[in-house]
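Student: Have a look at this one before I ask anything.
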């Protein structure tokens with residue numbers, strides 16, 4: 001396995017995927033439409049159901065933590081939506097190829113098309129969620145700072161990590177069918193040990209529990225710029241390192257096994 | 001120049017049961033070495049295509065015949081690039097269109113017109129190209145006002161008409177078919193046969209899997225008979 005061959009192989013998949021943007025755009029839109037077909041609000045159910053959960057959580061947890069709501073609500077909202085995005089990327093990565101069996105066995109298109117279908121679907125969902133974020137920021141009177149300029153950069157890093165996870169988990173889960181359920185239950189655990197509904201400061205001297213949690217860093221680089229907090233530079237560094245590692249591993253894995261995926265289905 | 005060349009092509013399907021697919025066994029194999037490793041070497045494989053060797057030139061229309069399970073569909077899938085040969089080389093030069101499942105990419109909740117565009121995109125044709133063809137496709141289906149209705153309001157025959165009309169508007173150099181596609185009522189079947197014949201005439205290479213000797217005689221210039229994944233007869237028909 002030479003580096004040249006791996007990079008060339010991955011490059012041709014990326015280029016083919018970019019050229020086929022119409023296919024994944026169409027399939028992603030179809031996925032979303034199918035979920036909300038014939039409902040009056042359509043995809044805005046995504047917005048509404050998130051709003052309801054956040055308000056309910058905020059009412060109860062401000063009482064538990066005895067913290068003012070105009071500080072807690074934006075923290076919870078941004079964290080919760082960042083978490084939904086990240087956890088959906090991870091969990092839906094497991095079925096990118098299994099779910100596209102019909103297409104994969106029929107036509108020869110770059111595997112990235114199926115990955116991008118999942119990514120694009122979740123970016124569209126995120127866009128619907130962003131309405132909630134804007135509403136909450138206005139309600140809580142939070143004025144964006146220059147830190148907001150970090151947000152596009154953070155989004156790119158998270159999305160890119162999602163793309164590589166899609167290739168890697170997608171292929172592994174096609175071969176080993178137990179990995180999907182394992183990932184789903186792990187993500188549930190991660191939700192409770194990651195500061196989404198509780199403040200990270202509550203861990204006090206045990207901050208190392210956060211440092212070793214990669215999901216904390218990915219949420220932090222999305223949350224901090226929006227709330228106007230300073231972004232921890234080591235969070236960026238860790239996210240970049242993880243993304244890079246995922247990129248290298250997924251490219252090598254796809255180079256070695258992509259011809260086998262159709263056989264595994 | 002479109003051409004297909006197969007050199008010692010084999011396709012083996014690994015058979016995974018629940019134990020082969022589970023991580024547990026893969027982990028145990030790694031830790032316990034000997035006994036289970038022997039077991040893992042005994043993985044069951046099915047040799048679906050066995051040392052195929054052939055060349056198909058432009059202008060040939062090949063009929064694949066053979067019993068169920070003789071490897072016809074697998075060969076079509078290999079030609080379309082879905083299955084990479086386990087060993088051997090398979091060179092396919094030319095744009096391949098496969099009509100294995102003509103209703104791929106159709107959405108029951110979209111209208112007939114939307115489905116025409118969507119199916120076209122999944123087949124790799126840009127919206128501009130599809131818009132140029134949409135009137136011709138619409139006319140061919142004879143579905144009239146129905147094209148503005150969601151697909152789920154169609155009868156299954158009407159859905160097939162639409163799928164057929166869109167699938168057969170592709171321009172390719174190599175056409176792969178699993179059985180002759182026959183849709184609709186008596187009148188429509190004649191129309192459909194004409195359209196399919198036209199498509200075949202304008203496509204340099206056709207490979208069709210079929211059980212009908214009559215079809216092979218009528219359409220094909222060459223007959224390849226498969227049995228247990230091997231070619232047992234390859235003859236040119238005049």
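Student: Of all residues in the range A:174-197, which are surrounded by 18 or more Cβ atoms within 10 Å (Cβ to Cβ) and either closer than 16 Å to residue A:119 by Cβ or free of Cβ contacts under 8 Å to residues at least 60 places away in the same chain (or both)?
Tutor: Hit for the range A:174-197 is A:176, nothing else.
Student: Regarding the range A:144-162, can at least one residue be identified that is over 25 Å from residue A:97 (Cβ atoms) and outside any helix (DSSP H, G or I)?
Tutor: yes
Student: Which numbered condition trips up residue B:113, out of (1) touching a helix residue (DSSP H, G or I) at 6+ places or on another chain (Cβ under 7 Å); (2) more than 10 Å from every other protein chain (Cβ to nearest Cβ); (3) buried (at least 20 other Cβ atoms within 10 Å of the Cβ)?
Tutor: The single condition residue B:113 does not satisfy is (3).
Student: Any idea which of B:91, B:101, B:50, B:107 is surrounded by 15 or more Cβ atoms within 10 Å (Cβ to Cβ) and either at pLDDT 85 or above or assigned to a strand (DSSP E or B) (or both)?
Tutor: Result of the check over B:91, B:101, B:50, B:107: B:50.
Student: Can we say residue B:77 is over 21 Å from residue B:97 (Cβ atoms) and surrounded by 15 or more Cβ atoms within 10 Å (Cβ to Cβ)?
Tutor: no
Student: Output the helices (runs of 4 or more DSSP H) that fall wholly within the range A:34-120 and possess 1 or more residues being more than 30 Å from residue B:79 (Cα to Cα), or say none.
Tutor: Hits in the range A:34-120: A:44-65, A:69-93.
The values are calculated or read from the model by the stated rules, or taken from the named source; none is laboratory data. Keep in mind the model is a prediction, meaning the values are calculated, not measured. Quick reminder, even Gly has a Cβ in these numbers, built from the backbone with ideal geometry, and neighbours come from all protein chains shown.
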